[in-house]
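A short worksheet on the structure shown next.
The numbers here are math on the coordinates, done by the rules we state, and not lab data. Source: prediction; values computed, not measured. When we count neighbours, we look across all protein chains shown, and the Cβ atoms used for this are built from the backbone with ideal geometry, even at glycine.
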Amino acid sequence: MFKHKSKKAFTLIELLVVIAIIGLLATVSVIALNNARSKSRDAKRVSEIKQIQTALELYYNDQNRYPLTAEFISGGEIFSTSSYGTTTYLAHIPGAPTPADGACSDSENLFTYTSNDGSSYSLTFCLGVNTGTLTAGVNNANPYGIAYLNPGSEDAGCPTCEECVATSTPEECVATSTPSCSCNNVSLPCCELCGPSSVCQGSTYCGQNSNCPSGQACSGGTCIDFLCGTSQVTVTTLGNYTCGVNDRCVYDTVSINGRCWLKQNMNIGTRVNGAGNQSNNSSLEKYCYSDSLANCTTYGGLYQWDEAMQYSETASAQGICPTGWHIPTDTEQNALDQYLNDTTCNASRSGTWDCSAAGGKLKETGTSHWASPNTGATNAFSFTALPAGYRSTNGSFDGQGSYAYFWSSSISGSGAWYRYLNSGYSTVYRNPGGRAYGFSVRCLKD
């Protein structure tokens, strides 16, 4: 008879050791997986930030400014609209991957974009770990690249220079603002913060044109001599209204006979329907032809005289024009007529066409906007008048493609003087009109 040899089983201690090893391996695997996922999210954050930066630079190349804060909407798109159509630079603005990683809070994890005047921008995001050359923590992307935000700088509750100068000059901001911040371990007032690549912003930093001395304009945070025909005018705010996505916030300039004009009609304000009147309600309002914002984008807004003047009756009032600019007087419009005129030009005419060829020299050439025949159009001085049409006193719209009406700031009886261009004439029509009409506004530099 054969005897069966009994097999040894695992002891309890051996089983516990095996279970412990398996648990340890599982824990290491989970940690490694979580770290891999965290690094993957950080890599995605950096990739998407660089994608946004590329789109912002393409936008800047076309518009000579960056999108304003109100124009940048997560989940939306980065685009611009002109008379030639719509250009899309980024079809979908990505949001930050979730959850937040490392020491990043949920609010720090968001892609937060800021641009008060379009001359620069700040795009903050947070990394859980060091990624490439970037440091873990809150980082700031800007036109100069991407830099780590040191604790005690902007992310420590200190306003940025742009935020300071939006309501006061840099000097006032430095004198009154608290708390102080740190740039390269040096304590500095609010408006002398770490700028791009850890360069300290000095108290000469400007955020908009009104922060510069008379005769200068703000460009890239620096006050420069204003050169009409080359320099642009940026509108950040007008009264209580902040220029936004449905407005034109940057205007080109053109010099004619030593005077500087905006090259585009004003387009700023909340759109209201043509059926109602614009009102003195502390809210800037505009009409868009046929109640369509697309027409404002192409031709500019239409304004009743009182709204255009912002309820002043003083000739040369700023009205809806940028700081340092005004609605031209009838005399200033006449000076333009006389300079462009080829033969005779009666300054006192009323309800009459005159000033041969002056209208043609103001009108955009061709028939992409003007109806045929667009008589005499040469746009000789790049004024580029467009046929925006008008809003009638009964609330209807008429004349787009054929008529261009421009308010003056000069009163005539119960109405106000205006100039009128027509697709069938090369001359200029002068007449007083009722204030309830909605006409275009073209601003003149003080």
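Amide H to amide H, with H built 1.01 Å from N, SER410 comes under 5 Å of ASP330, TRP417, counting only residues 5 or more places away or on other chains. Derived scalar couplings between HN and Hα for segment 369-376 equal 10, 7, 6, 5, x, 6, 4, x Hz in order, rounded to whole Hz, by the Karplus curve 6.51 cos²θ - 1.76 cosθ + 1.60 (θ = phi - 60°), x for Gly and Pro.
Rounded to the nearest 20 Debye, what is the dipole magnitude of segment 298-439 about its Cα centre when Lys and Arg each give +1 and Asp and Glu each give -1 at the C-beta?
On the way: 7 positive and 10 negative charges, 35 e Å.
Here the size comes out at about 180 debye.
At full extension, THR344 and SER40 could sit 102.0 nm farther apart than now, given 0.36 nm per residue minus the alpha carbon distance. With a cut-off of 9 Å between beta carbons, the residues surrounding LEU262 carry a summed charge of +2, where Lys and Arg count +1 and Asp and Glu -1.
Taking max minus min of the alpha-carbon positions on each principal axis, segment 227-445 gives extents of 45, 41, 35 Å, largest first.
In sequence order, segment 224-232 has phi-based couplings of 10, 4, 6, 10, 4, x, 10, 5, 10 Hz under the Karplus curve 6.51 cos²θ - 1.76 cosθ + 1.60, θ = phi - 60°, and Gly or Pro positions carry x.
Remark on GLN216: its backbone amide H falls under 5 Å from those of PHE226, a criterion applied only to residues 5 or more positions apart or on other chains, H modelled at 1.01 Å from N. Summing charges over all other residues whose Cβ lies under 15 Å from the Cβ of THR343, with Lys and Arg as +1 and Asp and Glu as -1, gives -1. Our coupling estimate for segment 274-289, obtained by passing each phi through the Karplus curve with A = 6.51, B = -1.76, C = 1.60 and θ = phi - 60°, is x, 5, x, 8, 6, 10, 7, 10, 6, 10, 5, 10, 9, 9, 10, 3 Hz, Gly and Pro reported as x.
If we count other beta carbons within 10 Å of each Cβ, what is the order of LYS263, LYS50, LYS363, LYS445, fewest first? Before the final figure, lay out the partial values.
Values: LYS263 16, LYS50 13, LYS363 27, LYS445 19.
Exposure proxy ranking, most exposed first: LYS50, LYS263, LYS445, LYS363.
Count the net charge of all other residues whose Cβ sits under 14 Å from the Cβ of GLY239, scoring Lys and Arg as +1 and Asp and Glu as -1. It works out to a net charge of -2.
Counting neighbouring Cβ atoms within 10 Å and putting the fewest first, the residues HIS92, HIS326 line up as HIS92, HIS326. Distance from the C-alpha centroid of segment 404-445 to that of segment 306-383: 8 Å, rounded to the whole angstrom. Shape call for segment 328-407 from the C-alpha gyration tensor, a ≥ b ≥ c root eigenvalues: rounded (a/c under 1.5), prolate (a/b greater than b/c) or oblate? Because a/c hits 1.5 or more and a/b fails to exceed b/c, segment 328-407 counts as oblate.
If you take the Cα centroid of segment 115-145 and the Cα centroid of segment 218-276, the two points sit 29 Å apart. Amide H to amide H distances under 5 Å link ARG271 with LYS286, where only residues 5 or more positions off or on other chains count and H is placed in the peptide plane.
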